[in-house]
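Pasting a structure here, questions to come.
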Amino acid sequence: MLTIKSIPAFNDNYIWLIHSPDNHCVVVDPGDATPVLEFLEREALELDAILITHHHHDHIGGISELKRRYPNIHIVAPSAEPIPGVSQSVDDGDQVEIFGERFMVLGVPGHTAGHIAYVGDGKLFCGDTLFSAGCGRLFEGTAAQMYASLQKLSALPDETEVYCAHEYTSSNLAFALVAEQDNPHLQRYREEVSRMRAQGISTIPSTLKQEKLINPFLRCDQPSIKKSVANKAVNESDVETFAALRRWKDEF
């Protein structure tokens, strides 16, 4: 089993560090090089590779400085997105080996057109596609694409740990509790998250089992969610339910 550490960046980003037993590591979506370099120095770690999920600056801004410090670093990134210094371009269905563990690349367009996720060792690094109690905005993709991407992620094993790129859980829950007011799992989760955040504890990773109980964007087939968006949706399909829910969240 690989060890995962979080490196906080900016206001609410997480740069994930995948740690091998022999002091080598890989980082996921380093938007800022400075906290990564400080962590590597403090923990005496050697950086071998970078995994990128999509092209937004808060996920790739640290690449050039990390490459300057580690000229031989291996950079894995989605083939359909403009990422600097890439060593290996990957698409849906490709595989990446990380310290002896095989990670599958999943194409998850929606937030951006070429967004990908990495899943392996029971861990999902999903960038800005799936958040705890929420999902990413539709900047480049369509609602149908994002819905399909979320369905692809929700089909993974329930025990899969969800390592998303932002600490948005509290604000996502505020919306989720309006969208599905009578969900007892949501109410319990809000209390747990409030305790954790009051103590400065990260709410990430979540699990897919948890998300399927509390995340409205994974519950678009549920009558409770359909009822909530009935006056906002043009039909009762799951995709339109998702689209109406996402539009509502954008304005929330």
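Derivation of every value follows stated rules applied to the coordinates shown; laboratory data play no part. The model shown is predicted, which means the values in this text are computed figures rather than measured ones. All Cβ positions, even for glycine, are placed from backbone atoms using ideal geometry, and neighbour counts span all protein chains on display.
So how do Met1, Met146, Met104 line up by other beta-carbon neighbours within 10 Å, fewest first? Before the final figure, lay out each step's value.
Working: Met1 8, Met146 26, Met104 16.
Ascending Cβ contact count within 10 Å gives the list Met1, Met104, Met146.
Once you place label points 7 Å from the Cα toward the Cβ at Arg247 and Ala230, how far apart are they in nm?
Taking the simple label geometry, Arg247 and Ala230 are separated by 1.8 nm.
Once label points are set 7 Å from the Cα along Cα→Cβ at both Glu41 and His19, what is their separation, rounded to one decimal in nm?
So the label points at Glu41 and His19 sit 1.9 nm apart.
Roughly what % of DSSP beta bridges within the stretch 1-121 run antiparallel, to the nearest 5?
65
At q = 0.10, 0.15, 0.17, 0.21 Å⁻¹, what base-10 log of I(q)/I(0) does the Debye formula yield for the stretch 87-225 when every alpha carbon is treated as an equal point scatterer in vacuo?
So the normalised log intensities are -0.33, -0.73, -0.92, -1.30.
Calculate log10 I(q)/I(0) of the chain for q = 0.11, 0.17 Å⁻¹, where I(q) comes from the Debye formula with a single equal point scatterer on each Cα and nothing for solvent.
Values, matching the q order: -0.57, -1.28.
Additional query: Roughly what % antiparallel, to the nearest 5, for the DSSP beta bridges in the chain?
Among the beta bridges of the chain, antiparallel pairing accounts for roughly 65 percent.
Quote the FRET efficiency, to the nearest 0.05, computed for Gln88 versus Ser6 with a Förster distance R0 of 22 Å and r equal to the Cβ-Cβ distance.
Result of the calculation: an efficiency of 0.35.
Would you work out the Kirkwood radius for the stretch 127-205? I mean one over the mean of 1/r across all pairs of different Cα atoms, in Å.
13.7
Moving on. What is the Å³ per residue value for the convex hull set by the Cα atoms of the stretch 1-121? Kindly include the intermediate steps, with their values, before the conclusion.
Values: hull volume 11.6 nm³, N = 121.
Spelled out: Cα convex hull of the stretch 1-121, divided by residues, is 96 Å³.
Right, something else. When the expected Rg is taken as 2.2 N^0.38 Å, what fraction or multiple of it is the alpha-carbon Rg of the stretch 189-245?
Working it through for the stretch 189-245, the quotient is 1.40.
Something else: Explain nothing, just compute: Karplus ³J(HN,Hα) = 6.51 cos²θ - 1.76 cosθ + 1.60, θ = phi - 60°, for every residue of the stretch 65-72 in order, whole Hz, x for Gly and Pro.
Per-residue couplings from phi come out as 5, 5, 5, 5, 6, 10, x, 8 Hz.
Continuing with this model, one more query. Would you mind getting the Kirkwood hydrodynamic radius of the stretch 1-71 from its Cα pairs, rounded to one decimal in Å?
Here the Kirkwood hydrodynamic radius works out to 11.9 Å.
For the chain, with a Gaussian network of springs between Cα atoms less than 10 Å apart, report the residue from Leu66, Leu153, Leu51 with the top mean-square fluctuation.
Its mean-square fluctuation being the largest, the pick is Leu66.
Let me ask another. Could you work out how much longer the chain between Thr142 and His185 gets when fully extended? Use 0.36 nm per residue separation minus the Cα distance between them, nm to one decimal.
Result for the pair: 12.6 nm of gain on full extension.
Once the other residues with Cβ under 13 Å from the Cβ of Leu218 are scored (Lys, Arg +1; Asp, Glu -1), what is the net sum?
Working: positive: Lys152, Lys209, Lys212, Arg219, Arg246; negative: Asp158, Glu180, Glu211, Asp221, Asp238.
Here the count lands on 0.
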